[in-house]
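Enquirer: Pasting in a structure now, in structure tokens, and then I'll have a few things to ask.
FYI, it's all coordinate maths here, none of it is from the lab. As the structure is a computational prediction, the values presented were derived from the model and not from experiment. FYI the Cβ positions are ideal-geometry reconstructions off the backbone, even for glycines, and counts take in every protein chain you see.
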Amino acid sequence: MIYGDILHTQNIQIQRIKINMTKGFLSHCRKILFVPAAFFMITATAEIAAAQTRVYNPIPMNPGVEVTDTLSDQDIPTGESGFARDYIVNLTSGDQVAIDLSSESFDTVLILMSGDGTTIGQNDDGPDGTTNSLLFVRIKETGRYIVRVRAFGPTGSGPFRLTATRLRPV
């Protein structure tokens, strides 16, 4: 029976070695799998952050300076089958502003929004009977405002001119 006890003891030791080897192997596999997974998460997070930055980044605009630009299908989708281009401008409480948008390529629509996206004013066709836009507004709060350029209808695109002018009392 001593021989049987030795075999039994050896079997137990072999099983312990197998268990330790398996635990070690699994631990090693976790490390191997964790590194690529962590790299993937870092890469995916960076790509998402970059995409979010590309999705909405209004272009700075200074009052009194004419902007010449182009509206295209690479701009912001409006959800109305068209595209928009946004500009950000700093305005002061009490400012009286005239915003003029003109294009020979498309029927313009001009929207002024507060920094939180609330529409302050908008214009489709100017008072001169053309398809250009002209908006007069008095600013109630100092802050950053968004001037949105878009086309009336889903297919408008092309070059345009945009100016925001602070009006002065005479």
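Enquirer: Just for strands (runs of 3 or more DSSP E) wholly inside region 65-132: which have at least 2 residues that are under 13 Å from residue 158 (Cβ atoms) and β-branched (Val, Ile, Thr)?
Expert: Filter on region 65-132 gives 67-71.
Enquirer: Next up: Looking at region 122-142 only, could you name the residues that are surrounded by 13 or more Cβ atoms within 10 Å (Cβ to Cβ) and on the phi > 0 side of the Ramachandran plot?
Expert: Correct list: empty.
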